[in-house]
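Presented below is the structure to which this report refers.
The values are calculated or read from the model by the stated rules, or taken from the named source; none is laboratory data. Every value quoted in this text rests on a predicted model; they were computed, and no experiment measured them. All Cβ positions, even for glycine, are placed from backbone atoms using ideal geometry, and neighbour counts span all protein chains on display. To get the accessible areas, we keep the full protein, side chains included, count just its heavy atoms, and leave off ligands, DNA and RNA. Shrake-Rupley method; radii C 1.70, N 1.55, O 1.52, S 1.80 Å.
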Amino acid sequence: MNDLRIETAGPDLLEDWRLIHNAIIPTAPLSPGDVRERATRNRIDVAYADGVAVGCSTVRPPDEDTPAATVIARVLPEYRGRGYGTALYEHGLAHARTLSDEGVETVVLASNTEGLRFALSHGFVETERYVLPGDTVPFVTLRLDEEGRAPAA
């Protein structure tokens, strides 16, 4: 994986981040303006392998609804299984742990079975499902505790 480079998405990388996001979450596509706004409140990164955008991530700081930081790693299907998701997740997790002592969450589109399997294999446990207005496919919220372990049942 020496070929993997993860960069914070400045103005010149926002379109790469948006294209990956929209490919993986087609039920909630974002416009360029949406992505610019998200970049003001979240850390968004893009992963490149041999100069090609292969994945992206989002780290959301805690807010009034969620005391945990949220880490979301996305890898395009044709690049999965090569360790890129783990690298993006660990990169985001390191940043998230500087933002909150209240644990870490992630969110995965329910139809992304590979993404759910990835989250579960990294110790996340499902805590909630919700559907955005006008959508039919739920998002799944999963959580780790403060130590990076799944919460006790």
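Points to keep in mind about this one:
- For first residues located in the range 128-144 and under 14 Å from Thr27 (Cβ atoms), partners that are among the charged types (D, E, K, R) and surrounded by fewer than 19 Cβ atoms within 10 Å (Cβ to Cβ) and lie 6+ apart or on another chain with Cβ distances below 6 Å form the pairs Pro138/Arg129; Val140/Glu126; Val140/Arg129.
- Among the residues of the range 12-34, the ones that are without any contact (Cβ under 8 Å) to a residue 24 or more places away in the chain and not charged (D, E, K, R) come to 7 in all.
Yes/no matrix, rows are residues, columns are (1) at pLDDT below 95; (2) open to solvent by less than 70 Å² (accessible area, probe 1.4 Å):
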position: Ile6; (1), (2): no, yes
position: Asp12; (1), (2): yes, no
position: Thr27; (1), (2): yes, yes
position: Arg36; (1), (2): no, no
position: Ala39; (1), (2): no, yes
position: Asp50; (1), (2): yes, no
position: Cys56; (1), (2): no, yes
position: Val59; (1), (2): no, yes
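Here's the yes/no breakdown for (1) of a type in the set (D, E, K, R); (2) outside any helix (DSSP H, G or I); (3) over 14 Å from the mean Cα position of the chain (by Cα):
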site: Gly10; (1), (2), (3): no, yes, yes
site: His21; (1), (2), (3): no, no, no
site: Leu30; (1), (2), (3): no, yes, yes
site: Thr40; (1), (2), (3): no, no, yes
site: Ser57; (1), (2), (3): no, yes, no
site: Glu64; (1), (2), (3): yes, yes, yes
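- Cβ-Cβ under 8 Å pairs, at least 6 apart or on other chains, the range 96-116 side closer than 20 Å to Gly55 by Cβ, far side of a type in the set (D, E, K, R) and open to solvent by less than 20 Å² (accessible area, probe 1.4 Å): Gly115/Arg74
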